[in-house]
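*Asks:* One structure, as structure tokens, below. Some questions next.
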Amino acid sequence: NKVDNLNFENAFHIINKLGDGGWGELYKVQDKSNNKYYALKKLTLNDKEKQYVLNETQNLIKPGSKFVIQYYHSWVESNFLYHQMELCLDNLTNVLKIKDSLFSEIMNILEFHISYYIFYKLVKCVQYLHESDIPITHRDLKLENVFISMDGRIILSGLFLAKEVVNDLMYSDVGDLRYQAPEVGTDTNGYNHLIDIYSLSMIGAQIFGFDIYDIFDGK
């Protein structure tokens, strides 16, 4: 829900800072009204960006979905845009670092099954977006936007650039260049939801330990 009169300092205790990036900072906070813990993202945007991200977030998030992170409140305060959302165990970047530290350079059958499970669940998340009643293109799929929920589910975050698209093409040059499909920003004919599949392949390469530059080279 959009909240207009919520005050960050009065409503939450800051427990610790979880990270930076994606336009802002991420904190673990405790809600003073119910003593529950949440993740709170503080975004630094200009006025046009604030309204765009606020509107898109309200339109796109499907409450109760097991495939995307749960957003609870969004509000603008003191030139910052805040998003209150569910607290997760970790993101996929850190999970892969742990996985790499536990296994040798050559993938064994156990590591393969772990990698397969992670990638399979991630594919199901993207499938959920693409096959929603009004299809959604994420447009910013990357390791940092894949999280592990408190009950162990793979879920997607970072939907601030996502777009509801029925039949129209998209033209905006958005997303992380490391995961961005070649046609984004270069093809004047526009692009569609398949850009998410390209980004998904880049994530999959890292999950299974492939060289992502082989994808760039078409190998």
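*Asks:* Does any residue of the stretch 139-154 turn out to be out of contact with any Ser or Thr (no Cβ under 9 Å at 6 or more places or on another chain), modelled with pLDDT of 90 or more, of a type in the set (A, V, I, L, M) and in a loop (DSSP other than H, G, I, E, B)? If you could, list the steps in order and put the result at the bottom.
*Replies:* Step one: list which residues in the stretch 139-154 are out of contact with any Ser or Thr (no Cβ under 9 Å at 6 or more places or on another chain), which gives 148-154.
Then drop every residue that is not modelled with pLDDT of 90 or more, which leaves 148-154.
Next, from what is left, pick out any that are of a type in the set (A, V, I, L, M): 148, 150, 154.
Filter again for in a loop (DSSP other than H, G, I, E, B), leaving 150.
Yes, the stretch 139-154 contains at least one residue that is out of contact with any Ser or Thr (no Cβ under 9 Å at 6 or more places or on another chain), modelled with pLDDT of 90 or more, of a type in the set (A, V, I, L, M) and in a loop (DSSP other than H, G, I, E, B).
*Asks:* Moving to a separate point now. Is the stretch 114-137 home to any residue that is under 17 Å from Gln206 (Cα atoms) and modelled with pLDDT under 95?
*Replies:* Within the stretch 114-137 (the criterion being under 17 Å from Gln206 (Cα atoms) and modelled with pLDDT under 95), the answer is no, since none of the residues qualifies.
*Asks:* Among the residues of the stretch 123-141, is any on the phi > 0 side of the Ramachandran plot and either in contact (Cβ under 8 Å) with a residue 24 or more places away in the chain or not assigned by TED's automatic domain parsing to the domain that holds Ala181 (or both)?
*Replies:* Yes, that holds for at least one residue.
*Asks:* If you don't mind, there's one more thing I want to ask. Does Ile215 satisfy being outside any loop (DSSP other than H, G, I, E, B), of a type in the set (Val, Ile, Thr), touching a Ser or Thr at 6+ places or on another chain (Cβ under 9 Å) and modelled with pLDDT under 90? Write out each step before concluding.
*Replies:* Numbers: outside any loop (DSSP other than H, G, I, E, B): yes; of a type in the set (Val, Ile, Thr): yes; touching a Ser or Thr at 6+ places or on another chain (Cβ under 9 Å): yes; modelled with pLDDT under 90: yes.
It is true that Ile215 is outside any loop (DSSP other than H, G, I, E, B), of a type in the set (Val, Ile, Thr), touching a Ser or Thr at 6+ places or on another chain (Cβ under 9 Å) and modelled with pLDDT under 90.
*Asks:* Here's another thing I want to ask about it. Only one of these is surrounded by 18 or more Cβ atoms within 10 Å (Cβ to Cβ) and in contact with a Gly (Cβ under 9 Å, 6 or more places away or on another chain): Asp173, Asp196, Asp140. Name it.
*Replies:* Testing whether each residue is surrounded by 18 or more Cβ atoms within 10 Å (Cβ to Cβ) and in contact with a Gly (Cβ under 9 Å, 6 or more places away or on another chain) leaves just Asp140.
*Asks:* Another one. Scan the stretch 163-209 residue by residue and report those that are of a type in the set (Ser, Thr, Tyr) and either touching a helix residue (DSSP H, G or I) at 6+ places or on another chain (Cβ under 7 Å) or in a loop (DSSP other than H, G, I, E, B) (or both).
*Replies:* Tyr171, Ser172, Tyr179, Thr186, Thr188, Ser201, listed by residue number.
The values are calculated or read from the model by the stated rules, or taken from the named source; none is laboratory data. Quantities reported herein were computed from a predicted structural model and do not represent experimental measurements. Cβ coordinates were reconstructed from backbone atoms using ideal geometry, including for glycine residues, and neighbour counts include every protein chain displayed.
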